Amino acid sequence: MKLGTKLTLYLSLIIILVLSGYGYFHTLSRRDVLIRKMKAEVRGIGQTLKVSLEKISLKREMKYIQDLIDAVEEYEKTLGVIVYYKEKDLVFRSHFLEGEIEPYSELIKRSIKDDYPQEEFGAYKKAPAFSYAFPLKDKRGKTIGGVSILQHTSFMEEDIREAKWSIFIIIVLLISMTLILVLFVTRKSISQPISQLMVGIKNVAKGNFDSQIDSKRGDELSKLAQTFNQMAVNLKEAQEQIIQEAEAKLELERSLRQSEKLATIGQLASGLAHEIGTPLNIISGRAELAKRRLDDKELIQKNLDVIGQQSERITKIIRQLLGFVRKKGPEQKTLRIETLLETTLDFLGYQIQRQRVRVVKDLGDKLPSVIGDSDQLQQVFLNLILNAIQSMPEGGELRVSASSMWISKEASGDEKQKYVVICVKDTGIGMEREVLQNIFNPFFTTRETGTGLGLMVSQGIIQDHEGWIDAESEIGKGSVFKVFLPCSPKELKNDG
């Protein structure tokens, strides 16, 4: 339930209780006023009768007494009058009164006995009535009798009912108007501002930090809206700063990767010079031979073919070098890992030959493809294979293998996924445990000419491809580096 609705209900309940209580107590007060008014009327009539009856002689004016009683009975609210004289135990009563009048006679006798007026609510023939009795005295102050006046209370009850209805209608109108006013005020001052605040919060949650809320009312919600607007501005500034920092970090990573790439190229320079120098020597020799045997067309043709082949070889080497050195943005393409590994091994052919390293390849059959950037992944493989070659100064065996398996990412407990696993294993000098624990830290290196960025950059590239690198090593037995890359979603569909 919304806060505005709750507040409206609570306020409405309080208002209903307060106005209902007011109506109840007002009705009681109205009843009390009407009762006092009725009693005052009866007492006035009684006082008039008392004065008249105490001045007349019972023996000579009995008819006058009855006429006086009948005159009082004509008042519409008066039910009847009873006059009692102790002398001869005489009783005069209105013609309207019929049947048993003993209760009223008893009330007269009680007032005579107490010498004080008596009042009593009761019923006459099942009709509500009010009795008022008082004693009569002669000129000497001696009690000679008493009078009881019966008054209809139905007139009072009718007035009370009318008062109840009028109060009820007024209260209903007041409650209705108050509820409408409360509903309007809570909707205008609470529900709408809170709804605007909720919309603003949802927009901010979606990343729209330009969302602003009206805050011109000057109340607490307005201050809350101002605070929210400032928060949105701060979040936008923080977002822009984070984006700038992320872009700067990304640019720094790209620069580090490019620097490491250039460092790798520096290590390959001598080998590349040899790779280019060999075909150049062949071209030079074949050209000299062709000059000497210009008359032998068949030999010239053969030499030209060799020169053409060696030129293509030089072009291929230069193209590979330029493609690897060239700085470009990351690409996401479907790649065949075995092809990338073959190209990398071909690229490092001279270093492999110079270090007297024997290469064993196990690239599997129908290896799944991966999605990634060929240039970046080749940088990783170049780094790992070149490190392996350099760890075998006296020669050894380099085993490069690739396979696929279902595995959870870095033992995280997540659902298993299919990965391509590239393994680079050497029989070199190996690493101590302390060195193994720090190889992925920036600027950590065990070689005098190393930059300490190669494995860190390689790890960052593989993590960008949603994979990871594991390393194992033992002194005197060599090292094993395993690269885990997720398979292409298309391959997973085909497996399904």
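Over what distance in Å are the Cα centres of the range 111-157 and the range 17-33 separated? Measuring centre to centre over Cα atoms gives 30 Å.
In debye, nearest 20: dipole of the range 328-496 around its Cα centre with unit charges on the Cβ of K, R (+) and D, E (-)?
That gives the range 328-496 a dipole magnitude of about 320 debye.
Does the range 3-160 come out rounded, prolate or oblate by the C-alpha gyration tensor, with a ≥ b ≥ c the root eigenvalues, rounded set by a/c under 1.5 and, if not, prolate when a/b is larger than b/c and oblate if not?
It comes out prolate by the Cα gyration axes.
Legend: calculated FRET efficiency, Ile314 to Glu240, from the Cβ-Cβ distance at R0 = 51 Å, rounded to 0.05, equals 0.55.
Taking the beta-carbon count within 10 Å as an exposure proxy, list Asp70, Asp373 from fewest neighbours to most. Please report the intermediate quantities before stating the final value.
Values: Asp70 14, Asp373 18.
Lowest to highest Cβ neighbour count: Asp70, Asp373.
What FRET efficiency comes out for Val91 versus His26 if R0 is 35 angstrom and r is the Cβ-Cβ distance? Round to the nearest 0.05. Write down the numbers at each step before the final one.
Numbers: r = 43 Å, r/R0 = 1.22.
Once rounded, the FRET efficiency stands at 0.25.
Among the listed pairs Lys206/Lys418; Lys164/Lys188; Lys249/Lys333; Lys206/Lys482; Lys50/Lys164, which are separated by more than 31 Å between their Cα atoms? Write out the running numbers ahead of the final one.
Working: Lys206/Lys418 33 Å; Lys164/Lys188 35 Å; Lys249/Lys333 24 Å; Lys206/Lys482 40 Å; Lys50/Lys164 36 Å.
Going by Cα-Cα distance, Lys206/Lys418; Lys164/Lys188; Lys206/Lys482; Lys50/Lys164 fall outside the 31 Å limit.
For the pair the range 39-87 / the range 175-211, the C-alpha centres are spaced 74 Å from each other.
Summing Lys and Arg as +1 and Asp and Glu as -1 over all other residues whose Cβ lies under 11 Å from the Cβ of Ser52 gives a net charge of -1.
Among Ile337, Ile201, Ile429, sorting on how many other beta-carbon atoms sit within 10 Å of each Cβ, with the fewest leading, yields Ile201, Ile429, Ile337.
Readers should treat all values here as calculations from the given coordinates under stated rules, not as data from a laboratory. On a predicted model such as this, the values are computed, not experimentally measured, just so you know. Ideal geometry is used to build each Cβ from the backbone, glycine not excepted, and the neighbour counts take in all protein chains shown.
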